[in-house]
1. Could you list, in sequence order, all residues of the range 110-142 that are at pLDDT below 95 and either in contact with a strand residue (DSSP E or B) (Cβ under 7 Å, 6 or more places away or on another chain) or closer than 19 Å to Leu56 by Cβ (or both)?
2. How many residues does the range 60-80 hold that are surrounded by 15 or more Cβ atoms within 10 Å (Cβ to Cβ) and over 16 Å from Tyr114 (Cα atoms)?
3. Looking at Asn29, Asn3, can you tell me which residue is more than 25 Å from Cys138 (Cα to Cα) and not β-branched (Val, Ile, Thr)?
4. Out of (1) within 22 Å of Tyr102 (Cβ to Cβ); (2) in contact with a Gly (Cβ under 7 Å, 6 or more places away or on another chain), the odd one out for Gly58 is which?
5. Does Asp17 count as of a type in the set (Asp, Glu) and modelled with pLDDT under 95?
6. Suppose we keep only residues that are surrounded by 15 or more Cβ atoms within 10 Å (Cβ to Cβ) and of a type in the set (Ser, Thr, Tyr) within the range 81-106. Which one would you say is nearest to the chain's Cα centre (by Cα)?
7. Six or more apart or on different chains, Cβ atoms under 7 Å: show the pairs whose first residue is in the range 106-132 and under 15 Å from His78 (Cα atoms) and whose second is among the small types (Gly, Ala, Ser) and part of a strand (DSSP E or B).
8. Limited to the range 28-41, what total is found for residues that are more than 28 Å from Leu70 (Cβ to Cβ) and either in contact (Cβ under 8 Å) with a residue 40 or more places away in the chain or surrounded by fewer than 10 Cβ atoms within 10 Å (Cβ to Cβ) (or both)?
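The values are calculated or read from the model by the stated rules, or taken from the named source; none is laboratory data. Predicted model, so just to flag it, every value in this text is computed and none were measured. Counting neighbours? That spans all protein chains shown, and the Cβs are built from the backbone with ideal geometry, glycine included.
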Amino acid sequence: MANNYTIALEELSTKEDIDQIEAGLTRYNRSKSNLSQPQDLSLLIRDSADKIWGGLFGITSGKRLYVDMLWLDQTIRHQGYGSKLMHMAEQEAIARGCTLAYLDTASFQAPEFYRKMGYEIFGEIQAPGEEFSISYFCKVLD
């Protein structure tokens with residue numbers, strides 16, 4: 001008996017929808033590789049009142065660290081916090097068995113910062129008519 005499937009554009013995905021797709025992809029990926037369970041990596045900069053002034057979110061999986069987000073409040077930029085966050089993330093990734101880190105950044109964000117951190121560009125895209133590009137960086141961890 002044939003199934004009738006529909007495809008629908010949905011404005012808002014529920015957490016359950018996202019979890020189901022992620023679980024299916026994770027099952028498939030694990031059946032085809034020796035990837036470890038993805039593990040979140042979170043580093044936050046807080047003041048004594050527990051206010052967040054910056055942070056880094058990433059994911060480790062297999063031998064890779066993906067740096068998803070790095071943000072610092074304007075008032076604490078250029079004081080070494082970004083470098084500290086990156087070093088701490090890389091050290092934790094190494095402790096988890098990672099040998100490679102990768103990330104992407106827009107041209108108006110921080111490509112030079114990542115170059116100074118030892119990351120090398122391996123790709124770049126720019127949509128026609130868009131004013132900025134997205135660069136993809138990686139770094140071998142040791």
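1. Ala110
2. The total comes to 5.
3. Step by step, each of Asn29, Asn3 is checked, and only Asn3 is more than 25 Å from Cys138 (Cα to Cα) and not β-branched (Val, Ile, Thr).
4. The single condition Gly58 does not satisfy is (2).
5. yes
6. Once the filter is applied, the top-ranked residue is Tyr102.
7. These pairs meet every condition: Pro111/Ser135.
8. Count: 3.
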